[in-house]
Amino acid sequence: MDGQRGFYEMENPTENPSKAAEYLKELNKIIETQQGLLEKQRVRIEELELQVTDLCKENACLKDQHQRHLATCRLQQGNHSSLGAIKENVMQENTAQNPSAVTLLETGSDCRIA
């Protein structure tokens, strides 16, 4: 019953002007709080938009670097057949000179004599 009476008083502020003034003050506080929160959210959104812009630029740069790296790898693979023949000749020469000291370490496409 008290909740209904309070609601009724809010609906009919002419019956109790002091309650109406109190109600308006409370509404103004709520509005001010909401405006403050909205401003904070606007600032945060601007910060996040700047971060997105920076990350997009960084991503584009990294994509470009990656494409250049892939192109370099393709060029190296194109030269790999001639380099492979050179490495094979070196390995054969080393094996012929000292067969017990030669150990091959394979890492990917790179072979080294240890």
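Points to keep in mind about this one:
- Subset of region 27-58 [open to solvent by less than 100 Å² (accessible area, probe 1.4 Å) and either among the aliphatic types (A, V, I, L, M) or touching an Asp or Glu at 6+ places or on another chain (Cβ under 6 Å) (or both)]: LEU27, ILE30, ILE31, LEU37, LEU38, VAL43, ILE45, LEU48, VAL52
- Restricting region 1-22 to residues that are in contact with a helix residue (DSSP H, G or I) (Cβ under 6 Å, 6 or more places away or on another chain) and at pLDDT 90 or above, the residue that is least open to solvent (accessible area, probe 1.4 Å): ALA20
- Yes/no for GLY84 being in a helix (DSSP H, G or I), of a type in the set (Gly, Ala, Ser) and at pLDDT below 60: yes
The values are calculated or read from the model by the stated rules, or taken from the named source; none is laboratory data. As the structure is a prediction and not an experimental result, all values here were calculated from the model. Please note: Cβ atoms are built from the backbone with ideal geometry, for glycine as well, and neighbour counts cover all protein chains shown. Heavy atoms of the whole protein, side chains included, go into the accessibility calculation; ligands, DNA and RNA do not. Shrake-Rupley method; radii C 1.70, N 1.55, O 1.52, S 1.80 Å.
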